[in-house]
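> Before anything else, here's the structure in question.
Where a number appears in this text, it was derived from the coordinates with a stated rule and is not lab data. Predicted model, so just to flag it, every value in this text is computed and none were measured. For neighbour counting, all protein chains shown are included, and Cβ atoms are generated from backbone atoms with ideal geometry for every residue, glycine included.
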Amino acid sequence: MHSQTISQLAHGLRSGQFSSVELTQHFLERIKRYPELNAYITVTDQPALQTAQLADAKIAAGTAGLLTGIPMAHKDIFCTQGVKTSCASKMLDNFIAPYNATLVDKLDQAGAVMLGKLNMDEFAMGSSNETSFYGAAKNPWDTNKVPGGSSGGSAVAVAAQLAVYATGTDTGGSIRQPAALCGITGLKPTYGRISRYGMIAYASSLDQAGPMARSAEDAAILLQAMAGFDPKDSTSADVPVADYLADINQPLQGLTIGLPKEFFAESLNAEMAGVLATAIAEYQKLGATIKDVSMPNLKLAIPAYYVIASAECSANLSRFDGVRFGHRCQNAQDLTDLYVRSRGEAFGKEVKRRILMGTYALSAGYYDAYYLKAQKVRRLISEDFSKALTEVDVIMSPVTPSPAFGIGEKLADPIEMYLADIYTIAVNLAGLPALSVPAGFINGLPAGLQIIGNYFQEAKLLNVAHRYQQVTDWHHQQPQKFS
Ligand code: GLN
């Protein structure tokens, strides 16, 4: 049961092969069987079984949708009413959300059965899940390796089949990078496509939620349920939601794929280059043509991102002050002592590093030199993409420079860690949609292909990914030990 896709499970539920209660129990047992993966921060077994019962009634009454009764889990960055929402930080270890994120409400309405909340990097800052207050989640392909981050728990849960699908967020690569390192499909939609209401903010102009699933078809079903304008989020896009399944099977004859020469430079790891070459050859067989494009400003993406993301996070995280919610230090002497010790005790090292960098970049004497400059670079990068996307339909690249690295391997060197997102970060600066699909293996570890499209062209991306998944079976591979 646990290796089936959403549409297969929906069919199984309707034809009475199993009930949602049985399916939910099955997943809850798997979660208990593999605690070493550390995918979940919270498991909500009793509420899950109750939701499953309601789902079974709906299925029996014929009022169920595709997602009704299917077990899933949320990244612990989404507020879930009455359930601990920690953002993997000691700061929110005691926080029970008083309301649901819009995305959580939307999936609830679609009949999702929430199994629990998933591990992640603290406040979504990281590329390996190692900054989590609850310890790193483990890559099911090799438990000595990181699963990627920040949505590491989400990728592990889907890859090890501890949930049918999961939600994630992507500020600089956090859906696509862990999806690639764990061998699943992850979609970062256009900025504003899915509401950010109730999603704990890291860098507000970059953060975007999206689905993490077994296939592009599952991702399309999920995006359908998650997308849409939300009056509660002033940055949510008032753009009609497409029908993501309608054209998913369109032939790719005549598709033009752009390959940015900056991403395929000599520095690209030879094995990763091999994976990409095989994937691109597959697309040529499907009728696509390849074109080289140049995006000269891509090399500035990492420094610009770390100025902007840190600046925004330093403002966003000022709300955690020990007064209103979250961790509060003992016996504060005065207000300053309360702020300083509450924040000092509850934020981890990486979060503190970002707050320091961001505060510095925003301070009076440095604002123009760093923040304003980074915003200008951001514009140049967006223009590079816009220009390239007038010449080609989609852009393809690796997702990561290498397959999953060892736990602890990059912890001592933050710059090395930041470079893990070198292929994904520019997309967030431009606000474009992109997805990651499994495209091969390097030394037994999954490697991904990134497909980038124009604003609000998620349907096109899903079509391009789905056709590839019709002729390849990388996305069907499962980590032996957890299959
Ligand atoms: N690794 C990047 C960072 O640490 C991106 C994280 C994300 O997308 N949330 O900021």
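> Size of the dipole of the chain about the Cα centre, Lys and Arg at +1 and Asp and Glu at -1 on the beta carbon, nothing else charged, in debye to 20?
Numbers: 40 positive and 44 negative charges, 79 e Å.
Dipole size: approximately 380 debye.
> Per residue, what volume in Å³ does the convex hull of the Cα atoms of the range 369-433 enclose?
Working: hull volume 6.5 nm³, N = 65.
Expressed per residue, the convex hull around the Cα atoms of the range 369-433 is 100 Å³.
> Moving to a separate point now. If a helix is a whole DSSP H run, which ones in the chain reach 18 Å or further along their own axis (Cα) and hold a mean Kyte-Doolittle hydropathy of at least 0.5?
On the way: long enough: 20-33 (19 Å, -0.64); 45-61 (24 Å, -0.05); 270-285 (23 Å, 0.41); 301-316 (22 Å, 0.74); 349-362 (20 Å, -0.19); 373-391 (28 Å, -0.75); 458-471 (20 Å, -0.52).
The qualifying helices are 301-316.
> Still on this structure, I have one more. Placing +1 on the Cβ of each Lys and Arg and -1 on the Cβ of each Asp and Glu in the chain, which of Asn129, Ala166, Leu223 has its Cα farthest towards the positive end of the resulting dipole?
Sorting the options by dipole projection puts first Asn129.
> Order of Leu445, Leu103, Leu317 from fewest to most other C-beta atoms within 10 Å?
On the way: Leu445 20, Leu103 28, Leu317 23.
Ranking Leu445, Leu103, Leu317 by Cβ neighbours within 10 Å, fewest first, gives Leu445, Leu317, Leu103.
> Go through Lys58/Lys232; Lys261/Lys460; Lys299/Lys376; Lys32/Lys349; Lys291/Lys387; Lys32/Lys481 and tell me which ones have a Cα-Cα distance over 20 Å in this structure.
Details: Lys58/Lys232 29 Å; Lys261/Lys460 23 Å; Lys299/Lys376 14 Å; Lys32/Lys349 30 Å; Lys291/Lys387 13 Å; Lys32/Lys481 15 Å.
Lys58/Lys232; Lys261/Lys460; Lys32/Lys349, as the Cα separations exceed 20 Å there.
> Compute from the Cα atoms of the chain the Rg and the Dmax, the latter being the longest Cα-Cα distance, and quote both in angstrom.
Just the Cα atoms of the chain yield Rg and Dmax of 21.2, 70 Å.
> Further question on the same structure: Could you work out the local net charge near Thr63, counting Lys and Arg as +1, Asp and Glu as -1, over the other residues with Cβ closer than 13 Å to its Cβ?
On the way: positive: Arg14, Lys58; negative: Asp56.
Once all neighbours under 13 Å are counted, the net charge is +1.
> Stretched out fully, how many nm does the piece from Asp93 to Val471 gain, at 0.36 nm a residue minus the Cα gap?
Values: separation 378, 0.36 × 378 = 136.08 nm, distance 4.47 nm.
Answer, rounded to one decimal: 131.6 nm.
> With r as the distance between the Cβ atoms of Lys299 and Ser15 and R0 = 56 Å, compute the FRET efficiency 1/(1 + (r/R0)^6) and round to 0.05. Intermediate results must be reported in sequence, preceding the final value.
Details: r = 53 Å, r/R0 = 0.96.
Once rounded, the FRET efficiency stands at 0.55.
> Stretch Gln46-Ala60 to full length: gain in nm at 0.36 nm per residue minus the Cα-Cα span? Don't skip to the answer; put the middle values down first.
Working: separation 14, 0.36 × 14 = 5.04 nm, distance 2.15 nm.
Extra length from Gln46 to Ala60 when fully extended: 2.9 nm.
> Taking 8 Å as the Cα distance limit and 6 or more residues as the minimum spacing, I'd like the relative contact order of the chain as a percentage. Can you show the working numbers first?
Numbers: 1151 pairs, mean separation 86.2, N = 483.
So the answer I get is 18 percent.
> How high is the FRET efficiency between Lys349 and Lys261 when r is their beta carbon distance and R₀ equals 25 Å, given to the nearest 0.05? Each step should come with its number before you reach the end.
On the way: r = 37 Å, r/R0 = 1.49.
For R0 = 25 Å, the calculated efficiency reads 0.10.
> May I pose another question? Using the Cα centre as the reference, give the magnitude of the dipole from point charges on the C-beta atoms of the range 363-483 (Lys, Arg: +1; Asp, Glu: -1; all else neutral), rounded to the nearest 20 debye.
140 debye
> Any idea what log10 I(q)/I(0) is at q = 0.12 Å⁻¹ for the range 330-483, Debye with uniform C-alpha scatterers and no solvent?
Relative scattering, expressed as log10 I(q)/I(0), comes to -0.78.
> Something else about it: Give the calculated FRET efficiency between Ser386 and Gln81 to the nearest 0.05, with a Förster radius of 51 Å applied to their Cβ-Cβ distance.
Approximately 0.80, to the nearest 0.05.
> Quick one: if you stick a label point 7 Å off each Cα along the C-beta vector at Lys285 and Asn269, how many nm between them?
Placing both labels 7 Å beyond Cα along the Cβ direction yields 2.5 nm.
> If you don't mind, another one. Counting alpha carbon pairs within less than 8 Å and at least 6 residues apart, what relative contact order, in whole percent, applies to the range 211-354? Numbers along the way, then the final one.
Working: 101 pairs, mean separation 23.2, N = 144.
It comes to 16 percent, rounded to a whole number.
> Hey, another quick one. Explain nothing, just the number: dipole magnitude of the range 290-392 about its Cα centre with +1 on each Lys and Arg Cβ and -1 on each Asp and Glu Cβ, in debye rounded to the nearest 20. Intermediate values should be presented prior to the final figure.
Numbers: 16 positive and 11 negative charges, 20 e Å.
Dipole size: approximately 100 debye.
> To continue, here is another question. Taking all pairs of different Cα atoms in the range 2-128, averaging 1/r and flipping that mean, what Kirkwood radius in angstroms comes out? Walk me through the intermediate numbers first.
Numbers: mean 1/r = 0.0660 Å⁻¹.
The Cα-based Kirkwood calculation yields 15.2 Å.
> Follow-up question, since we're still on this one. At 0.36 nm per residue, and after removing the present C-alpha to C-alpha distance, how many nm does the segment from Asp247 to Ser204 gain when stretched out fully? Display every interim value, and only then the final one.
Working: separation 43, 0.36 × 43 = 15.48 nm, distance 3.16 nm.
Full extension from Asp247 to Ser204 adds 12.3 nm.
> A further question on this structure: Got the relative contact order for the range 270-405 handy, in percent, Cα pairs under 8 Å and 6 or more residues apart?
Values: 95 pairs, mean separation 50.7, N = 136.
It comes to 37 percent, rounded to a whole number.
> For the range 55-175, what are Rg and Dmax over the alpha carbons, in angstrom?
For the range 55-175, the Cα-based Rg and Dmax read 14.8, 47 Å.
> Counting residues in the range 160-274 as N, plug N into 2.2 N^0.38 Å and put the Cα Rg over that result.
Dividing the Cα Rg of the range 160-274 by 2.2 N^0.38 Å gives 1.21.
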